[in-house]
Amino acid sequence: MTAEPLEIYLEQQDVERGLRQDVRTGLTAEPKWLPPKWFYDSRGSELFEEITRLPEYYPTRAERAVLARHAPDIAALTGAKTLIELGSGSSEKTRLLLDAFTRRGGLGTFVPLDVSVSALLGSTARIAADYPGLRVRGIVGDFTRQLDRLPTGGRRLVVFLGGTIGNLLPAERAEFLAAMRAALEVGDWLLLGTDLVKDPSVVVPAYDDAAGVTAEFNRNVLRVINRELGADFDPEAFAHVARWDSEHEWIEMRLRATRPMTVRVLDLTVEFAAGEELRTEVSAKFRPAGIAAELDTAGFTATEFWTDPDGLFGVTLARA
Ligand code: AVJ
């Protein structure tokens, strides 16, 4: 089957309004910050794919190991008719699930949802070609906002992989999980990938690789703002910083101004002192008990928890 035309839940003007709002809020705050979703234009999505292949970036390989081993269990336990993937990107690891569901039979529809049109066009075309008989409905949307518009009917499995839930701040995370639960019905399932707390000597290099790909990915947010809002950031004048926050158990990516700068964006004049840091991403790491507790608070019941052989990454199956 060919993929169906992408369903657009996110209009270009909403995206631009959101970016303007986030830039205004974040760049006038003290300390300055930007939400990580603005990394992912087509270049940013490509850089992220490159990150997933870096020797230091263990989460993708570790999560793939879990899925390779347990995809048949996930297919059998859920018996899903519809597989919905939030923040799907290339959907590369999701193929392990699609393979297991194909062998088992019964899965009718795959619904990848992502903010990146370019990532979705590629993934939906490839998956439709490789899984004949599967209905592929790509949705352009923001997973924190369009949960109430997910396809209904049949037994649904929502998968949220890659540890992306860790990019939400704790309050946003609670709100997101509660909204997810509200969007689902009893009998539906959630499969959640979470990076696990481990020694910073392993985590930090994953966010500060020797080849500098993560640094380019980080600076890409400034390029997006320059292009979309006509700002005049000099991305090369910002240094990439990855710092482990042991209190919150998360990694923070920041961009550090290497000299004093004045940036014009929207109607703002934004001053950076030399050495001033702009926070661009939080990537929380989780403990098994914490994951189960957060799911429970949102009204889910965690029924399975799996990790890779090295215990780096966790995948939780939860029932609505
Ligand atoms: C897979 C999107 C969750 O936080 O690890 C990779 C993004 N940031 N390197 C993560 C990311 C820096 C990533 N997510």
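In a shell of Cβ-Cβ distance under 12 Å around Ile139, excluding Ile139 itself, what net charge do Lys and Arg (+1) and Asp and Glu (-1) give? Let's see the in-between values first.
Numbers: positive: Arg137, Arg145, Arg149; negative: Glu4, Glu7, Glu85, Asp114, Asp142.
Once all neighbours under 12 Å are counted, the net charge is -2.
Using a Gaussian network model of the chain in which every pair of alpha carbons under 10 angstrom is joined by a spring, one finds that among Glu50, Glu236, Glu30 the greatest mean-square fluctuation is at Glu30. The angle separating the long axis of helix 94-104 from the principal Cα axis of greatest extent in the chain is about 0 degrees. Think of the range 58-172 as having a plus end and a minus end, set by charges on the Cβ of Lys, Arg, Asp and Glu; of Gly106, Thr78, Leu96, Gly106 sits farthest toward the positive end of this dipole.
Largest GNM mean-square fluctuation across Gly275, Gly44, Gly166, computed for the chain with C-alpha springs under 10 Å, falls on Gly275. Of Val270, Val204, Val158, the residue with the greatest mean-square motion in the GNM of the chain, using alpha carbon springs below 10 Å, is Val270. Note that the range 18-143, at 4 °C in a medium of 1.567 mPa s, gets a Stokes-Einstein diffusion coefficient of 80 µm²/s from its Kirkwood radius over C-alpha pairs.
Charges at C-beta only: +1 for Lys and Arg, -1 for Asp and Glu. How large is the resulting dipole of the chain about its Cα centre, in Debye rounded to 20?
Numbers: 37 positive and 48 negative charges, 168 e Å.
Here the chain has a charge dipole of around 800 debye.
Size descriptor for the chain, Kirkwood hydrodynamic radius: 20.3 Å (Cα pairs only, one decimal).
Taking other residues whose beta carbon is less than 12 angstrom from the beta carbon of Ala318, and scoring Lys, Arg as +1 and Asp, Glu as -1, yields -2.
As a footprinting exposure proxy, order Arg149, Arg95, Arg219, Arg103 by other Cβ within 10 Å, with the fewest listed first.
Numbers: Arg149 13, Arg95 19, Arg219 22, Arg103 10.
Arranged by neighbour count, lowest to highest, Arg149, Arg95, Arg219, Arg103 become Arg103, Arg149, Arg95, Arg219.
Which percent, to the nearest 5, of DSSP beta bridges fully inside the chain are antiparallel? Rounded to the nearest five, the antiparallel share is 60 percent.
Using the Cα centre as the reference, give the magnitude of the dipole from point charges on the C-beta atoms of the range 24-67 (Lys, Arg: +1; Asp, Glu: -1; all else neutral), rounded to the nearest 20 debye.
Values: 7 positive and 7 negative charges, 23 e Å.
Using only the charged Cβ atoms, the result is roughly 120 debye.
Evaluated with a Cβ-only charge set (Lys, Arg +1; Asp, Glu -1), the range 105-232 carries a dipole of roughly 480 debye about its Cα centre, given to the nearest 20.
Rule-based calculations on the coordinates, nothing more; no lab input. Here the structure is a predicted model, which means the values were calculated and not measured. FYI the Cβ positions are ideal-geometry reconstructions off the backbone, even for glycines, and counts take in every protein chain you see.
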